[in-house]
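Colleague: I'd like to ask you about the structure that follows.
The values are calculated or read from the model by the stated rules, or taken from the named source; none is laboratory data. Quantities reported herein were computed from a predicted structural model and do not represent experimental measurements. Cβ placement follows ideal geometry from the backbone for every residue including glycine, while neighbour counts extend to all protein chains displayed.
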Amino acid sequence: MKILVLIGNVPDTTTKIKFNADNTAIDASGVQWIINPWDELALTRAMELKEAHVDAVEKIVVANVGRSETEATLRKALAVGADEAIRIDADPLDAFYVASQLAAVAADYDLILAGIENADYNGTAVGGMLAELLERKSVSAVSGIDLEGDLLKISREIDGGSQQLNMSLPLLAVVQKGIAKEPRIPAMRGIMMARKKPLNVIAAADAEALTAFDHFELPPAKAACKMVEEEQAASLIRILHEEAKVL
Amino acid sequence: MSVLVYIENWDGKLKKLSYELASYGAQLAEKLQLPVKAVSLGKVDEATLQNLGKYGIPEVLSDTNEAYNTLDNSAIAKALFAATEKTAATIVVMANNNLGKAVSPRLAVKMKAGLVSAVQGLPISTEPFVVKKMVFTSKAFAHITIKSANKILTLAPNTFGLVEKNVETTLTSFDAGLAASDFETTVVSSNKVTGKVLLQDAEIVVSGGRGMKAADNWGQLEELAEILGAGTACSRPVSDEGWRPHAEHVGQTGKIIAPNLYFAFGISGAIQHLGGVSSSKVIVAVNKDPEAPIFEAADYGIVGDVFKVLPQFIEAVKELKA
Ligand SMILES: Cc1cc2nc3c(=O)[nH]c(=O)nc-3n(C[C@H](O)[C@H](O)[C@H](O)COP(=O)(O)OP(=O)(O)OC[C@H]3O[C@@H](n4cnc5c(N)ncnc54)[C@H](O)[C@@H]3O)c2cc1C
């Protein structure tokens, strides 16, 4: 079995977001780029599956749609333990465009793992769109994956609870928290080995974007916090009732 | 051309979110001067679906096939696509919840529709079609143009509210034409949370962080939530420690919520935490550290000990409700 893990390249979660002068794009100066947190957990789980089922999992490949600056992030994924990386050389214009690019390379993989959200534009769509383009089954909000012979044992969150599922391959799983406990950090040896692993750059396929960013805005500044003394805590409940009118 | 609203059900029941979606769909259709319809998949009482009329839905297509209960992503997308063909829908509205996030991208490919998830409010303009959404985990908003003729919008729960517009609702029975083989998800077991306000549905949320010190200390926090009819949430380390279930984790890597009122007890207010809660209408913070960043995001604050404040809050709420 071959596993493909989709890798988003996003600003570090502590980044203070700024935009360019006309607010049409993020100001990337000083931004640290990281593997999208959910994708990092997906890769970690893929590694765990490979280690637990050496005979079943043949290789793990990571893929990203982006320009050459995202290669550092792909190298990090290789250092964590992926066997190969693919970069499709295109600007990730929107979810449909990205999914269309990935569809050109993803069909061969039995299991595809996508993160539930990209921590940049907070879209949630690439995984599901890719599944539809490949005409394959998908499960979303996956918080656990295990392999039992040809069967995938899956836990997913539903609105109002959780479920255990049995699914067969091929499958695309859109994963979230819980899929792996802690993301794996690359070790020195991994970083050395990553330099020799293949990172294949593929030309973009013909595809179109269906949406476009017009401009960005920052949320309005918040008014100062109104403080209440600890001994007067009860009065805050009155304020919430009478002034804020939320109780 | 028309607007189609996907109304899901939870064991045959609708909830506030369903009426919020109906309200949004009806308002959107009015703005675009298009007809609006809704589609329901699974077994739901006629009387229940008729309630959608109160929020402006004049017709509901209802396919009562029980196999939809398996929440098979691809089957539901197929059925919704059949419904868009039947109603000549060009815009589909659904919830930005687990199911909406799972099926909207699949439907978008079938319809070749531009999809924007978690939109805030009605479109800013309709020609071109521009909507606003949160990006960078609540650190900014983006105005997004949908270029394609077909469009899908998912709405974050509790961001639009209910708008009454009483109309008569006709129910039309609908067969999306799915075969048993279209359902490929085998559900082995389900674990549904009962008797508690779900975090996603909650208008008030009571949340605890590491400052609560231990799993055993949640009694008062739960009591406050109970008398307020609130949902409970927590910061990431709290769920990582196993003090609280994962489903309660809010923030960048957990749930993003937008209640009317969010109480943060013993939460420092890390940027990744705020990303999940900063769309709350009012935030109340209780923290013993006056420098905690949570106070920069909060509307009301108390510098103090959670264990001294909680009992006072509980008494005051009891008095208020009495
Ligand atoms: C990639 C990434 C993603 C992340 N995603 C999330 C996420 O989704 N959600 C999330 O919450 N975090 C997330 N984090 C973690 C985040 O950075 C913080 O570590 C976390 O939010 C801190 O949780 P806390 O506020 O409960 O704990 P702490 O930061 O330890 O804060 C505890 C607070 O309690 C106060 N306190 C202690 N005792 C008392 C008392 N008796 N009375 C009153 N106050 C008291 C302290 O003053 C302190 O401010 C993420 C981090 C990373 C790197």
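Colleague: I'd like the full set of residues that are over 24 Å from B:VAL135 (Cβ atoms) and either loosely packed, with under 14 Cβ neighbours inside 10 Å or touching an Asp or Glu at 6+ places or on another chain (Cβ under 7 Å) (or both), limited to region A:205-225.
Modeller: A:ASP206, A:ALA224, A:CYS225
Colleague: Further question on the same structure: If B:GLY209 satisfies all but one of (1) touching a helix residue (DSSP H, G or I) at 6+ places or on another chain (Cβ under 8 Å); (2) more than 16 Å from the ligand (Cβ to nearest atom); (3) closer than 25 Å to B:ALA285 by Cα, what's the number of the condition it fails?
Modeller: Exception for B:GLY209: condition (2).
Colleague: Looking at region B:135-170 only, could you name the residues that are assigned to a loop (DSSP other than H, G, I, E, B) and among the polar types (S, T, N, Q)?
Modeller: B:THR137, B:SER138, B:SER148, B:ASN150, B:ASN158, B:THR159, B:ASN166, B:THR169
Colleague: Here is a follow-up. Please verify whether region B:185-193 includes one or more residues that are away from chain A (no Cβ under 11 Å) and crowded, with 17+ Cβ neighbours inside 10 Å.
Modeller: The answer is no, given that none of the residues of region B:185-193 is away from chain A (no Cβ under 11 Å) and crowded, with 17+ Cβ neighbours inside 10 Å.
Colleague: Here is a list: B:LEU155, B:LEU115. Which entry is surrounded by 16 or more Cβ atoms within 10 Å (Cβ to Cβ) and more than 10 Å from every other protein chain (Cβ to nearest Cβ)?
Modeller: After ruling out the rest, the residue left standing is B:LEU155.
Colleague: What number of residues in region A:131-164 are more than 7 Å from every other protein chain (Cβ to nearest Cβ) and more than 26 Å from B:SER138 (Cα to Cα)?
Modeller: Qualifying residue count for the region: 15.
Colleague: Take the residues of region B:272-296 that are surrounded by fewer than 21 Cβ atoms within 10 Å (Cβ to Cβ) and without any contact (Cβ under 8 Å) to a residue 40 or more places away in the chain: which is nearest to the ligand (Cβ to nearest atom)?
Modeller: B:ASP289
Colleague: On to the next question. A:GLU182 - would you say it is out of contact with any Lys or Arg (no Cβ under 6 Å at 6 or more places or on another chain), more than 30 Å from A:ILE154 (Cα to Cα) and part of a loop (DSSP other than H, G, I, E, B)?
Modeller: It is false that A:GLU182 is out of contact with any Lys or Arg (no Cβ under 6 Å at 6 or more places or on another chain), more than 30 Å from A:ILE154 (Cα to Cα) and part of a loop (DSSP other than H, G, I, E, B).
Colleague: Ok, one more. Could you tell me how many of the residues in region B:260-271 are within 12 Å of the ligand (Cβ to nearest atom), within 23 Å of A:GLU230 (Cα to Cα) and facing chain A (nearest Cβ under 9 Å)?
Modeller: Result for region B:260-271: 1.
Residues are listed down the side, and each one gets a yes or a no for (1) more than 7 Å from every other protein chain (Cβ to nearest Cβ); (2) closer than 15 Å to B:THR154 by Cα; (3) not β-branched (Val, Ile, Thr):
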position: B:LEU71; (1), (2), (3): no, no, yes
position: B:ILE76; (1), (2), (3): yes, no, no
position: B:ALA88; (1), (2), (3): yes, no, yes
position: B:MET94; (1), (2), (3): yes, yes, yes
position: B:ASN97; (1), (2), (3): no, yes, yes
position: B:GLN120; (1), (2), (3): yes, yes, yes
position: B:PHE141; (1), (2), (3): no, no, yes
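Colleague: Residues in region A:107-114: is at least one surrounded by 23 or more Cβ atoms within 10 Å (Cβ to Cβ) and under 20 Å from A:ALA212 (Cβ atoms)?
Modeller: Looking for residues that are surrounded by 23 or more Cβ atoms within 10 Å (Cβ to Cβ) and under 20 Å from A:ALA212 (Cβ atoms), one finds none in region A:107-114, hence no.
Colleague: Could you check A:ALA99 against (1) assigned to a helix (DSSP H, G or I); (2) under 24 Å from B:LEU115 (Cα atoms); (3) touching a Phe, Trp or Tyr at 6+ places or on another chain (Cβ under 9 Å) and say which number it fails?
Modeller: Against the list (1) assigned to a helix (DSSP H, G or I); (2) under 24 Å from B:LEU115 (Cα atoms); (3) touching a Phe, Trp or Tyr at 6+ places or on another chain (Cβ under 9 Å), A:ALA99 comes up short only on (3).
Colleague: Out of all the residues in region A:152-174, is one or more assigned to a loop (DSSP other than H, G, I, E, B) and within 16 Å of A:ILE112 (Cβ to Cβ)?
Modeller: yes
Colleague: Determine whether region B:226-247 contains at least one residue that is within 9 Å of the ligand (Cβ to nearest atom), surrounded by 23 or more Cβ atoms within 10 Å (Cβ to Cβ) and of a type in the set (S, T, N, Q).
Modeller: Yes, some residue in region B:226-247 is within 9 Å of the ligand (Cβ to nearest atom), surrounded by 23 or more Cβ atoms within 10 Å (Cβ to Cβ) and of a type in the set (S, T, N, Q).
Colleague: Collect the residues in region B:306-316 that are surrounded by fewer than 21 Cβ atoms within 10 Å (Cβ to Cβ) and either farther than 16 Å from B:LYS288 by Cβ or more than 7 Å from chain A (Cβ to nearest Cβ) (or both), keeping them in residue-number order.
Modeller: B:PHE307, B:PRO311, B:ILE314, B:GLU315, B:ALA316
Colleague: Here is a follow-up. Just one of (1) at positive phi; (2) at pLDDT 95 or above trips up B:ALA233, so point out which.
Modeller: Only one criterion in (1) at positive phi; (2) at pLDDT 95 or above is unmet by B:ALA233, namely (1).
Colleague: Can you confirm whether B:VAL250 is under 22 Å from A:ASP159 (Cβ atoms) and either modelled with pLDDT under 95 or crowded, with 24+ Cβ neighbours inside 10 Å (or both)?
Modeller: Taking the combined requirement at face value, the residue satisfies it.
Colleague: Another question about this same structure. Look at B:ALA214 and say whether it is in contact (Cβ under 8 Å) with a residue 24 or more places away in the chain and within 12 Å of the ligand (Cβ to nearest atom).
Modeller: Spelling it out, B:ALA214 is indeed in contact (Cβ under 8 Å) with a residue 24 or more places away in the chain and within 12 Å of the ligand (Cβ to nearest atom).
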